[in-house]
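One structure is given below, encoded as structure tokens.
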Amino acid sequence: MSKLQSIFESNKNWSADIKKEDPTFFERLSNQQAPKYLWIGCSDSRVPATQLCGLDAGEIFVHRNIANLVINTDFNCLSVIQYAVEVLKVTDIIVCGHYGCGGVAAALSNQSLGLIDNWIRNIKDVYHLHREEMVKYVKGSEEECNRLTELNVSNQVYNLANTTIVQNAWKRSQELNLHGVVYSLKDGILKDQGICLSSDKDIEEVFKLS
Ligand SMILES: [Zn+2]
């Protein structure tokens, strides 16, 4: 018996339940997807994009990596963004961090974890950028980790705005809004970080491409 037997069984039940509720659901989705949102979130198993937004399959295009980073040399993330913006024409991109993020906690420690140190290093850069504020927190405290999580999300939203993909979309006058949110594992609530970038006016001059 397959070690994935329980997965196959629950998959059959899920499919049957949906067909019962909405007989044409799979037929509709197999013809096309037209999500309005691109979600860039953490790989953490406790932060499932579609479920926590109360959306159905087909409504959100998803990219996840450790600590929801948008790195301008990450062709995986950039390819997802390009496809979402240029082909699917999503109108909103949501960068979602979460409190209690292991990636952010790792960035605050000095422990070496192997290859992933090179990825985590990007979060250490966010700390360094905001070190005047960050040094005020008690080292190792929950508050320190929570604040770096929020600052990391803001930083990734700006990284996103600086990409050629987003800048070119805005030049074409394509509607595209970038948002930053943080999810709480404790109550399942998304906290808006008060960032919404919709044009290149919010980009620092040095990053603007003519
Ligand atoms: Zn995380």
Test: residue in region 69-77 that is of a type in the set (A, V, I, L, M, F, W, C), free of Cβ contacts under 8 Å to residues at least 40 places away in the same chain, more than 14 Å from the ligand (Cβ to nearest atom) and open to solvent by less than 40 Å² (accessible area, probe 1.4 Å)
yes
In the set VAL157, VAL153, VAL138, VAL206, which member is more than 29 Å from LYS36 (Cβ to Cβ) and out of contact with any helix residue (DSSP H, G or I) (no Cβ under 9 Å at 6 or more places or on another chain)?
VAL206
Inside region 168-196, the number of residues satisfying the requirement of being under 15 Å from TRP39 (Cα atoms) and among the acidic types (Asp, Glu) is 1
Name every residue in region 96-110 that is near the ligand (Cβ under 7 Å from one of its atoms) and surrounded by fewer than 23 Cβ atoms within 10 Å (Cβ to Cβ), in order of residue number.
GLY102
Count - residues of region 71-103 that are among the aliphatic types (A, V, I, L, M) and either touching a Phe, Trp or Tyr at 6+ places or on another chain (Cβ under 9 Å) or outside the structural domain of LYS186 (by TED's automatic domain parsing) (or both):
8
Can you tell me which residue in region 122-131 is surrounded by the fewest Cβ atoms within 10 Å (Cβ to Cβ), limited to those that are within 16 Å of the ligand (Cβ to nearest atom) and not hydrophobic (A, V, I, L, M, F, W, C)?
LYS124
Restricting attention to region 35-61, the residues that are within 19 Å of GLY103 (Cα to Cα) and either away from the ligand (no atom under 14 Å from the Cβ) or assigned to a loop (DSSP other than H, G, I, E, B) (or both) number exactly 6
Sole exception among (1) surrounded by 17 or more Cβ atoms within 10 Å (Cβ to Cβ); (2) more than 18 Å from the chain's Cα centre (by Cα) for GLY114, by number:
(1)
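The values are calculated or read from the model by the stated rules, or taken from the named source; none is laboratory data. Bear in mind the structure is a predicted one, so any value in this text is a computation, not a measurement. Glycine gets a Cβ as well: all are built from the backbone with ideal geometry, and neighbour counts include every protein chain shown. Accessible surface areas use protein heavy atoms only, side chains included; no ligands, DNA or RNA. Shrake-Rupley method; radii C 1.70, N 1.55, O 1.52, S 1.80 Å.
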